[in-house]
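The next block holds one structure in the form of structure tokens; read it before the comments.
Every number in this text was worked out from the coordinates using simple rules, so none of it is lab data. Note that this is a predicted model, so its numbers are computed, not measured.
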Amino acid sequence: DDIMEPDMIEKMMAYMEVNPETICLSTNVSLIDVQGDVLQKQLYPDHTNRSFPMGTYIKTYLKEKFWFPTPTLMYKRDAYIATQPKNVRMVNPIYFPSGDIWSVFQFNLRGPIAFLAEPLLRYRQHPNQESRSVNQSKPMLQLLDLLLKSKRKHPLVKPLLPQVYALRSKYKLQDILFEAGSIGLTQKLRRQVIAIYKNCVVNIPKSHLSIDELLPIQIMMLLLGQDVSLPSYDDSLMNKTQSESSYIQWASNLRSGDSLFTHIANTHTIAIFGSMLTAHFLLLDAWRAGLEVAGIYDSSKA
């Protein structure tokens with residue numbers, strides 16, 4: 001259901017011929033709807049090609065979630081056979097939701113990989129896509145567990161372990177909230193969240209604390225009424241994103257006893273657009289402020 005641009009193969013082959021050391025190549029995509037109308041001209045707005053020397057893509061993916069669109073993957077056959085012999089001709093057809101990302105990791109452990117900034121495929125979005133009907137936390141947890149298991153086999157993974165543990169804690173929290181559904185604040189849920197927080201603190205040195213991964217867990221603890229010590233984040237930190245700054249402010253509000261909705265006048269009912277972790281937090285905080293939540297709306301069936 002995806003559509004290659006007429007010159008997709010030509011441009012990808014031209015890159016591979018000029019860069020023969022590259023063993024895997026992907027391209028940007030545009031997003032189209034069921035009728036074929038363009039929803040988004042580029043999945044990634046960057047106009048620069050990106051190359052990843054051997055072993056560097058894992059770190060980039062963990063930090064940026066920079067995904068190689070699967071329908072555009074071009075790779076050398078011998079590299080595939082060397083990295084995934086059990087998957088050749090479906091010898092091992094076990095379902096593997098994060099297999100596309102893991103495959104690119106494996107390629108990059110053998111040699112350079114690259115990404116073309118030009119959108120060369122129209123990637124169709126529709127309601128029956130797998131990604132819209134499954135718990136998105138599961139593939140990430142599977143991927144992170146694979147990385148933890150491979151830490152002895154692949155020395156490149158070892159320096160990334162604090163980030164892997166931090167990400168795993170975040171997605172584990174997202175997973176239990178997703179499975180809890182309407183989030184009744186049960187004792188079981190409290191115990192699970194506290195266990196995730198303690199595990200995060202034990203496995204992640206303070207020098208490696210990540211704002212993006214740790215703050216959501218601390219916010220959840222505060223929403224549950226658990227007092228936690230928050231690290232101080234320097235306001236001059238240049239790499240802080242708008243999302244991270246917002247989370248920091250939110251955590252500060254919760255710690256002082258305020259809700260995100262405390263100073264919003266004449267509001268009694270809200271609707272939440274989006275899903276996953278932040279939507280759950282908004283729901284809990286709205287309840288704390290005495291607001292009614294009309295619903296959580298998202299394009300994902302799940």
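Students often get this wrong, so check it: of K11/K76; K59/K170; K138/K158; K41/K138; K59/K158, which have C-alpha atoms separated by over 19 Å?
Values: K11/K76 16 Å; K59/K170 17 Å; K138/K158 23 Å; K41/K138 29 Å; K59/K158 11 Å.
Checking Cα-Cα distances, K138/K158; K41/K138 exceed 19 Å.
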Computed lengthening from K63 to E10, 0.36 nm per intervening residue step minus Cα-Cα distance: 15.9 nm
Sorted largest first, the Cα spans of segment 32-86 on the principal axes come out in Å as 40, 26, 18
Using θ = phi - 60° and the Karplus form 6.51 cos²θ - 1.76 cosθ + 1.60, what ³J(HN,Hα) does each residue of segment 104-112 get, whole Hz, x for Gly and Pro? 5, 4, 4, 4, 5, 6, 9, x, x
Under Karplus coefficients 6.51, -1.76 and 1.60, residue-wise ³J(HN,Hα) of segment 11-17 in Hz, glycine/proline x: 6, 5, 5, 4, 5, 5, 6
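Could you work out how much longer the chain between D100 and R77 gets when fully extended? Use 0.36 nm per residue separation minus the Cα distance between them, nm to one decimal. It would help to have the intermediate numbers written out before the result.
Details: separation 23, 0.36 × 23 = 8.28 nm, distance 1.56 nm.
Gain in length upon complete extension: 6.7 nm.
Which of rounded, prolate or oblate describes segment 115-164 when judged by the alpha-carbon gyration tensor and an a/c cut-off of 1.5? Intermediate results must be reported in sequence, preceding the final value.
Values: a/c = 3.83, a/b = 1.64, b/c = 2.33.
Oblate.
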q = 0.20, 0.22 Å⁻¹: log10 I(q)/I(0) that the Debye formula gives for segment 1-124, counting C-alpha atoms only: -1.22, -1.37
Name the long-range amide H neighbours of L121: under 5 Å, sequence gap of 5 or more, or other chain; modelled H, no Pro or chain starts. E5, S30
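Could you work out how much longer the chain between A294 and H126 gets when fully extended? Use 0.36 nm per residue separation minus the Cα distance between them, nm to one decimal. Provide the component values of the computation, followed by the final result.
Numbers: separation 168, 0.36 × 168 = 60.48 nm, distance 2.56 nm.
Stretched fully, the A294-H126 segment lengthens by 57.9 nm.
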